[in-house]
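A.B. asks: Quick one: the structure is below, questions incoming.
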Amino acid sequence: MKKIVILRCLKSNDVCTGASCLQAFYDRTGKFKVYDIDENLQLAAFFSCNGCDDVRFQNQKGLEEKLERILALNPSAVHIGICTQIYNKSTGQKQECDKINEISKYIQAKGVNVIRGTHT
């Protein structure tokens, strides 16, 4: 069985229920199309970063503990939610948040596949 983890932005807690990510996971749509509909998957974790910029919960030690707990699950992949994209005023385009990028690199360095996207 493959264990899948979804990472989302802490700021998305204000407006996001996670329903679109979960529906895409169960229906194998969006970025979850890479898995066969009959493939035995387990959604092992659905977690948020610990914040950045104007979000006050910036606890690096807590984030490190959280990441170690995620890695202890031995996930096959971590999907990064679209909510982690921020608008860059200078380029006029969206780009991945620096904190999420840092988390992604850490997870990849531990040998876990990181897939950018969930329902989109």
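A.B. asks: Just one of the numbered conditions (1) under 15 Å from the mean Cα position of the chain (by Cα); (2) closer than 13 Å to HIS119 by Cα is not true of ASN50; which one?
C.D. replies: (2)
A.B. asks: Separate question: Considering each residue of segment 93-109, count those that are outside any strand (DSSP E or B) and either surrounded by 12 or more Cβ atoms within 10 Å (Cβ to Cβ) or touching a residue at least 40 places away in the same chain (Cβ under 8 Å) (or both), and give that number.
C.D. replies: Number of matching residues: 11.
A.B. asks: Let me spell it out: the conditions are (1) of a type in the set (Gly, Ala, Ser); (2) at negative phi; (3) over 12 Å from the mean Cα position of the chain (by Cα), and GLY30 meets all of them except one. Which number is the exception?
C.D. replies: All conditions pass for GLY30, except number (2).
Any read-out appearing in this document is the output of simple, stated calculations on the displayed coordinates, not a laboratory observation. All values derive from a computational prediction rather than experimental measurement. All Cβ positions, glycine included, derive from the backbone under ideal geometry; neighbour counts span all protein chains shown.
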